[in-house]
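Student: Take this structure, written in structure tokens, and hold onto it; I'll ask about it next.
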Amino acid sequence: MLPTNWLTLFLLGSAALQFTDVAKQAGLTARNVSGGEIRKRYIVEMNGSGIAFIDYNKDGLVDLFIVNGTRFDLSPGAAPPTNHLYRNNGDGTFTDVTLEAGLADFGWGQGACVGDYDNDGYSDLFVTYYGRNHLYHNKGDGTFVEVSQAAGVAGESGHWHSGCAFVDTDRDGKLDLFVASYIDPGPAFANVPAVGSGEFCQYKGIPIACGPRGLKPGVNYLFHNEGGGKFKDVSDASGIRNTDGHYSLGVLTLDFDNDGWPDIYVACDSTASILYHNRRDGTFEDVGLASGTAFNEDGEPQAGMGVAAADYGHAGFLDILKTNFSDDSPNLYRNKGDGTFSDKVFEAGLGRLRSYLGWGALFLDYDNDGWSDILIVNGHLSAEIDRAGSDSHFRQPKALFHNLRNGKFQNVTANSGPALTAMHSSRGSAVADILNDGRLSVAVNELHEAPSLLMLQTQPAGHWIGIRTVGVKSNRDGIGARIEVEAGGMRQIDEVRSGGSYLSQSDLRVHFGVGNAKQIDKLTVKWPSGQVDHWTNIAADRQIVVTEASPVWRTVAVFQHYNSR
Amino acid sequence: MTRTMKKLYSMNGIFSGALIVASLCPVPAAWAQRPSEAELKTLSSALPLIQQQSWSAAEASLQEGMASFPHSALLSNALGIVYERQHRQPDAIRAFEQAVEWLPNFTAAQIHLASLHAERGECHRANPLFLAAAANTTDEGALSEAGLGLAECKNLTGAAQVLEKARSASPSPAIIFNLALVLYKTSEFDAALSMLETLPHGPEQERAEVLYLRGKLLKALQKPGSAASLAQACRQHAQEDYCKDAAVEMIATEQLTEAVTLLESANKGLSAPSVSLLCALGLAQFRLGRYQASIRSYSSALNIDPQLDAAREGLGFLLYITGDLEQARSIVEQGPMRPTVDFYLPYLRALVLYRTSTALWPEALSALAQSLRSNANFAASYFLRGKIDLEQGNETRALSDFQNAAKLDPTYPLPYYKMSQIYLRQGRREEAEKARKRFAALGNQREDELLAKQAQALLLTHASH
């Protein structure tokens, strides 16, 4: 048990931390496009897009990729809106390198996930679309080449693909690819009913774009990495389609039962969410119902959007956070360690978000006290919603919850800086240590606006460690590796994770706050290959690289602004 | 009589005032024999005293006349009226009985006597007199009065026949309306609506009571326009019943924004805020997601009447559903904990305690036990108890509770979800799949929605009381 004065000190310290939106000063100015800003005809104009941190040039600084949508009524000849890649300059600014990187594609971009699928040492990028997906192979020279057709992961035109994650489902050292699918509206939404034309086209009496209910659900995909840049569609063979119709959105990979095999959780809108349990034979079984993660505690279908995982109570198992629609609460599924979960959202103090429509979901230890906090970004479907006159508006504040270390969280939004209370209609969110100084920053894709970059203005009181995994026998990015950190009397776990939040990608490096511990007593990595490595007595407050089966770790790219204590 | 009619027909409003029995003046068709000039002279001398409400003088004058005409039905009837005005019911009854005895077809006396019996709840005496009076007259006023009297005595068939006779004699708006009202009461909705439509177009059709009755009939017939008609009635005359029924119908038909506008306006039109309207307003605001406004409405209702279970339940539920568990608990626990308390309040308390903390689950179970003592057939109580059982690892008892809940309410989907979960964990895959399919077939409604419906139903039940 921690001494009371220590606890008080940290609680006070965390309360003083202020987030500021530095996106504009950082040069992140590309405006999101997602259909009509005043009126929206189709649901695809409402859902917005994800955002992804990726160190594409391997300089030790995470860069930012922003997925963009488009409009149905683009003027002929007008330049279409594109996705954007911003290179991290390491001084708090970013440079738009979209064109030179070869990423200036356009369309109804949805989500993004990162993984070095060919194990060449450079993280690749997968972008989902309403329409055919794009797999960008990182050539290692600062440019990408789109290879989705050749790789066999483009999906189908007319299908609405949503969340994605690279995951080595069979632990063969090659990253497979899971792609969720929201609905199957057909090309150009031609068969979708008009705004306000049915019971699924209304919101509190306001006619809005139809869906997802009433529309044909999409089907999820699993592509097995065959090597040589080729994937094989094993969606049917793997059993992931042995489920009822789902409107799948956010994708989260995690080993929820600690059996060493990656499982997949999919947040679904208006239908049961899915927990694909890895049966270790190339197949999956949906255990959402039995585990208690398909619905909320009472079996209520929810409008699942974003997802995140963390062991927020230091129990040794990963818990799940899921955001939902307005007039509902998020889910905080506490992992009971027996293959089942309990939704603790109310007991944890997260139940008072009923006016918020949550999208991006993040666990992040922003004050580095060693306990995962929660940031949820919110926003309603369209500006038309405001006509309903409800407490839930198109633009909404974000919600930051501080972990009180007793299973409860405290909403500290109002005291954590104007960047959190500013009103936006947020969608995808991702977290990264952009200056390698232990301060976590959050990038948010804001509907019809330039993105936000929420950055702490002061250094958190707690110490920290950032860990980049390099697989050898395992996939090169070490995706799926289970990391255990023992420091200051605490034992924490997390995993290297592709995808997550709402159609987004956070820093592949895993960040742990360690409170007042100045060193990591023991670092353990359980690699997807089965290899288990230990390192001891690592000085805190640095980004390190650990390599599979290597006894040494090394420090990388400690930025000059780092404030040593 | 008019007073009692109003009590029965809350919606007949001004029309009931238009129905005046010719109490003192003879009804020609009712006379079997003509009164003498001397009798009429005696009555004429008493009339000014009656009009001046000089009851003692009028009584003395009539008694004097009776001395001269000991079997005068006319004077005995007048004397009965004087007694009635002095609230001397036994004397009045005796006088009217004598009048009827001496002149069996004296319509006015029959109606007066019948009305007095009706007021005393002696409908078995009143009904034959009303029917006899109606049989012997073609006077629309007398017929109308007899019809309404029969309606008051629950002889709706008789009332309809008599009012129809009145309408044939004189299709006045008042008679048409009252006939339509009686037909509504006899569930002859089509006929009632058709009758109402015979009212002349214009102001008569736009009267609040007519709009209200039309709205009720359209609702009964499941025809469109009910909410609009009820709302128009409320706008015409911000009477609590009109506005409450309009709001209920608007909420039921998802016209939530309109309901809020109507109720806010209606409440301003009342001399004092109405608890019913505030509760209905809170419900509509809740359904619209205007949680803060809804909390204010329910709080206002509760401030006006802290004993009102409906307002406390509404506010407690709203706070529970919006996650303000601390406040919800406070509101619910401030409620009356009398042994006879409605089952819903302890159930709601259990819900709040369950969500607040695992440490409060024993208290939640006690609250559930209290709720079940008041209502052992409320499926949701068993469901909640089953959830607690399951969380505490008692799968057997949990399964029993879920099965019980499903048995009590076969349309309640949530127990099937939990049952399928338990079966799966127990490896009973076939039963799990069966329960899951049942759960899916029932539409796996959200508990929020189910609870909101429960709360709404309870609120409306309270409101109708």
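The values are calculated or read from the model by the stated rules, or taken from the named source; none is laboratory data. A quick note: this is a predicted structure, and the numbers were derived from the prediction, not measured. Glycine gets a Cβ as well: all are built from the backbone with ideal geometry, and neighbour counts include every protein chain shown. When the accessible area is computed, the model is the full protein with side chains, heavy atoms only, and any ligands, DNA or RNA have been set aside. Shrake-Rupley method; radii C 1.70, N 1.55, O 1.52, S 1.80 Å.
Student: I'm trying to understand the selection: among the residues of the stretch A:319-328, which are facing chain B (nearest Cβ under 8 Å) and open to solvent by 10 Å² or more (accessible area, probe 1.4 Å)?
Tutor: A:Asp327, A:Asp328 - these are the residues of the stretch A:319-328 that are facing chain B (nearest Cβ under 8 Å) and open to solvent by 10 Å² or more (accessible area, probe 1.4 Å).
Student: Read through the list (1) within 14 Å of chain A (Cβ to nearest Cβ); (2) surrounded by fewer than 21 Cβ atoms within 10 Å (Cβ to Cβ), then give the number of the only condition that B:Ser300 fails.
Tutor: All conditions pass for B:Ser300, except number (1).
Student: Tally time: how many residues in the stretch B:312-362 are more than 14 Å from chain A (Cβ to nearest Cβ) and either surrounded by fewer than 17 Cβ atoms within 10 Å (Cβ to Cβ) or without any contact (Cβ under 8 Å) to a residue 12 or more places away in the chain (or both)?
Tutor: Qualifying residue count for the region: 10.
Student: Give the number of residues within the stretch A:354-368 that are in a loop (DSSP other than H, G, I, E, B), within 14 Å of another protein chain (Cβ to nearest Cβ) and open to solvent by less than 10 Å² (accessible area, probe 1.4 Å).
Tutor: 1
Student: Same structure again: Considering only residues that are open to solvent by less than 10 Å² (accessible area, probe 1.4 Å) and either within 14 Å of another protein chain (Cβ to nearest Cβ) or in a loop (DSSP other than H, G, I, E, B) (or both), look in the stretch A:275-291 and name the one that is modelled with the highest pLDDT.
Tutor: A:Leu275
Student: As an exercise: evaluate A:Ile376 against (1) within 13 Å of chain B (Cβ to nearest Cβ); (2) closer than 17 Å to A:Gln302 by Cα and give the number of the one condition it does not meet.
Tutor: Checking A:Ile376 against (1) within 13 Å of chain B (Cβ to nearest Cβ); (2) closer than 17 Å to A:Gln302 by Cα, the one that fails is (1).
Student: Scan the stretch A:196-210 and give yes if some residue there is at pLDDT 95 or above, crowded, with 24+ Cβ neighbours inside 10 Å and either among the polar types (S, T, N, Q) or assigned to a loop (DSSP other than H, G, I, E, B) (or both), otherwise no.
Tutor: Checking the stretch A:196-210: not a single residue is at pLDDT 95 or above, crowded, with 24+ Cβ neighbours inside 10 Å and either among the polar types (S, T, N, Q) or assigned to a loop (DSSP other than H, G, I, E, B) (or both).
Student: May I ask you to list the residues in the stretch B:391-420 that are within 14 Å of another protein chain (Cβ to nearest Cβ), open to solvent by 20 Å² or more (accessible area, probe 1.4 Å) and in contact (Cβ under 8 Å) with a residue 24 or more places away in the chain?
Tutor: Passing the criteria: B:Glu391, B:Gln392, B:Glu395, B:Tyr416.
Student: Within the stretch A:297-318, how many residues turn out to be within 14 Å of another protein chain (Cβ to nearest Cβ) and buried (at least 24 other Cβ atoms within 10 Å of the Cβ)?
Tutor: 3
Student: Search the stretch B:268-282 for residues that are closer than 16 Å to B:Pro306 by Cβ and pair each with any residue that is among the hydroxyl-bearing types (Ser, Thr, Tyr) and not in a loop (DSSP other than H, G, I, E, B) when their beta-carbon atoms are under 6 Å apart and the residues are at least 6 apart or on different chains.
Tutor: B:Leu278/B:Ser297; B:Leu278/B:Ser300; B:Gly282/B:Ser294; B:Gly282/B:Ser297; B:Gly282/B:Tyr298
Student: Further question on the same structure: Quickly run through the stretch A:379-395 and pick out the residues that are buried (at least 24 other Cβ atoms within 10 Å of the Cβ), touching a His at 6+ places or on another chain (Cβ under 9 Å) and away from every other protein chain (no Cβ under 12 Å).
Tutor: A:Gly379
Student: Sort out for me the helices (runs of 4 or more DSSP H) sitting completely within the stretch B:372-426 that have 3 or more residues that are aromatic (Phe, Trp, Tyr).
Tutor: The qualifying helices (runs of 4 or more DSSP H) are B:414-425.
Student: Does B:Ala380 count as within 12 Å of chain A (Cβ to nearest Cβ), open to solvent by 20 Å² or more (accessible area, probe 1.4 Å) and not hydroxyl-bearing (Ser, Thr, Tyr)?
Tutor: Criteria not met by B:Ala380.
Student: Among the residues of the stretch A:139-157, which ones are farther than 23 Å from A:Ser501 by Cα and open to solvent by less than 10 Å² (accessible area, probe 1.4 Å)?
Tutor: Within the stretch A:139-157, A:Ser148, A:Ala151 qualify.
Student: Same structure again: State all residues of the stretch A:501-556 that are assigned to a strand (DSSP E or B), within 25 Å of the chain's Cα centre (by Cα) and of a type outside the set (A, V, I, L, M, F, W, C); if no residue qualifies, say none.
Tutor: A:Ser501, A:Gln505, A:His511, A:Gly513, A:Gly515, A:Thr524, A:Lys526, A:Arg542, A:Gln543, A:Thr547
Student: Can we say A:Ser270 is among the hydroxyl-bearing types (Ser, Thr, Tyr) and surrounded by 22 or more Cβ atoms within 10 Å (Cβ to Cβ)?
Tutor: So A:Ser270 fails the test.
Student: Give the residues of the stretch B:252-285 that are among the β-branched types (Val, Ile, Thr) and within 14 Å of another protein chain (Cβ to nearest Cβ), sorted by residue number.
Tutor: Those that are among the β-branched types (Val, Ile, Thr) and within 14 Å of another protein chain (Cβ to nearest Cβ): B:Thr253, B:Thr257, B:Val260, B:Thr261.
Table: residues versus (1) farther than 25 Å from B:Lys216 by Cβ; (2) not in a helix (DSSP H, G or I); (3) not acidic (Asp, Glu).
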residue	(1), (2), (3)
B:Leu75	yes, no, yes
B:Tyr83	yes, no, yes
B:His87	yes, yes, yes
B:Phe96	yes, no, yes
B:Gly121	yes, yes, yes
B:Gly149	no, no, yes
B:Lys154	no, yes, yes
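Student: Here's another thing I want to ask about it. Go through the stretch A:426-448 residue by residue and tally those that are touching a Ser or Thr at 6+ places or on another chain (Cβ under 8 Å), crowded, with 23+ Cβ neighbours inside 10 Å and part of a loop (DSSP other than H, G, I, E, B).
Tutor: 2
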